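Peer 1: Can you read through this structure? Questions will come right after.
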Amino acid sequence: MSSILLTPPAVEPVTLADAKAYLRIDNDDDDAVISALIAGARSHIEAQTRRALITQTWRLVRDVWPGDRRIAVVPSPLQQVTAARVYRLDGSTQALDLQAFVADPAATPAIISFLTWPLPGPGRPAAGIEIDVEVGYGDDPADVPEPLRQAIKLLVAHWYENRGLIAVGQTLALLPATVAAVVAPYRVLSL
């Protein structure tokens with residue numbers, strides 16, 4: 001069971017101008033660095049929360065249909081199911097009717113259920129089912145909850161101010177305490 005990013009976000013949830021204002025930077029000397037930090041911070045916050053902030057397209061890959069007829073969608077929040085297919089034994093694909101799927105975007109993580117009529121089983125034993133979904137809060141940075149935008153600014157500021165080498169034994173997976181506190185209510189937990 002894996003999720004593969006097909007279409008990344010078109011914009012970042014925090015603009016370069018917003019980040020520079022937060023950092024109190026008036027010149028353009030570090031624009032490329034700050035832009036890279038914004039993208040990195042967004043990606044890091046998304047990984048920590050298991051959420052997509054700006055609209056993205058992902059492919060969910062499964063080996064078999066789950067017995068309970070429910071598939072958890074990570075990253076969340078789910079906007080819509082855009083395509084579904086199974087692979088036949090010869091490697092060709094069979095598109096599935098999207099009306100067979102019912103999305104519960106309010107659940108965290110979001111759930112896709114499929115109706116009681118039988119769906120065709122995959123012909124290959126691994127990665128035989130693909131479901132494409134659109135996820136994220138929306139297309140505009142204003143659609144992203146303000147605490148998550150603030151977490152990105154905090155992380156950009158932390159990384160900008162601490163651009164030196166990482167000390168031996170430190171890990172990049174750890175968030176500064178302030179950022180961890182801001183994103184904690186938004187974490188999507190495993191079922």
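Peer 1: For the chain, what is the mean residue ellipticity at 222 nm derived from helices alone (per DSSP H run of n ≥ 4: -39500 (n - 2.57); sum divided by total residues; nearest 500 deg cm²/dmol)?
Peer 2: Using -39500 (n - 2.57) per qualifying helix, the result is -8000 deg cm²/dmol.
Peer 1: Further question on the same structure: Please check: in the Gaussian network model of the chain (C-alpha springs, under 10 Å), which one of L60, L16, L89 has the largest mean-square fluctuation.
Peer 2: L89
Peer 1: Taking only Cα atoms and a 10 Å spring cutoff, compute GNM fluctuations for the chain and point out the largest among A95, A103, A157.
Peer 2: Judging by the Gaussian network model, the answer is A95.
Peer 1: Compute the acute angle (0 to 90°) between the alpha-carbon long axis of helix 146-161 and the principal axis of greatest extent of the alpha-carbon atoms of the chain; round to the nearest 10°.
Peer 2: Value to nearest ten degrees: 50.
Peer 1: Collect residues whose amide H, placed 1.01 Å from N in the peptide plane, falls under 5 Å from the amide H of L6; neighbours closer than 5 in sequence don't count.
Peer 2: Result for L6 returns T57, W58, R59.
Peer 1: Net charge near R149, counting Lys/Arg +1 and Asp/Glu -1 over other residues with Cβ under 12 Å of its Cβ?
Peer 2: That sum, taken over residues with Cβ under 12 Å, equals -3.
Peer 1: May I ask you to list the trypsin sites (Lys or Arg not before Pro) in the range 1-73 that are in a DSSP loop and have at most 11 other Cβ atoms within 10 Å of their Cβ?
Peer 2: R24
Peer 1: Just one of (1) 19.5, 61; (2) 16.0, 50; (3) 25.6, 92 is Rg and Dmax of the Cα atoms in Å calculated from these coordinates, so which is it?
Peer 2: Computing Rg and Dmax of the Cα atoms in Å and matching it to (1) 19.5, 61; (2) 16.0, 50; (3) 25.6, 92 gives (1).
Peer 1: With charges only on Cβ, +1 for K and R and -1 for D and E, what is the dipole size of the chain about its Cα centre, in debye, rounded to 20?
Peer 2: 740 debye
Peer 1: Compute the helix-to-body angle for 31-49: its Cα long axis versus the longest principal axis of the chain, expressed 0 to 90° and rounded to tens.
Peer 2: Orientation of helix 31-49: about 50 degrees from the principal axis.
Peer 1: Could you work out the local net charge near A10, counting Lys and Arg as +1, Asp and Glu as -1, over the other residues with Cβ closer than 14 Å to its Cβ?
Peer 2: In short, -4.
Peer 1: Now for a different question. So, for the range 71-158, what is the accessible surface per residue at a probe of 1.4 Å, expressed in square angstrom?
Peer 2: For the range 71-158, the solvent-accessible area averages 44 Å² per residue.
Peer 1: Quick one: with all protein chains in place, what share of the accessible area of the range 1-134 is carbon or sulfur, to the nearest percent (1.4 Å probe)?
Peer 2: 53 percent
Peer 1: Related question: Find how many whole Å separate the alpha carbon centroid of the range 127-164 from the alpha carbon centroid of the range 41-67.
Peer 2: With the range 41-67 and the range 127-164 each reduced to a Cα centre, they are spaced 12 Å.
Peer 1: Test of understanding: in a Gaussian network model of the chain with alpha carbons linked when under 10 Å, which of P145, P77, P13 would top the mean-square fluctuation ranking?
Peer 2: With Cα springs under 10 Å in the chain, the top fluctuation among P145, P77, P13 is at P145.
The values are calculated or read from the model by the stated rules, or taken from the named source; none is laboratory data. Please read these numbers as outputs of a predicted model, since none were measured by experiment. Methodologically, a virtual Cβ is constructed for each residue, glycine included, from the backbone with ideal geometry; neighbour enumeration extends over all protein chains shown. Each accessible area value is taken on the protein alone, full model and side chains, heavy atoms only, with ligands, DNA and RNA left out. Shrake-Rupley method; radii C 1.70, N 1.55, O 1.52, S 1.80 Å.
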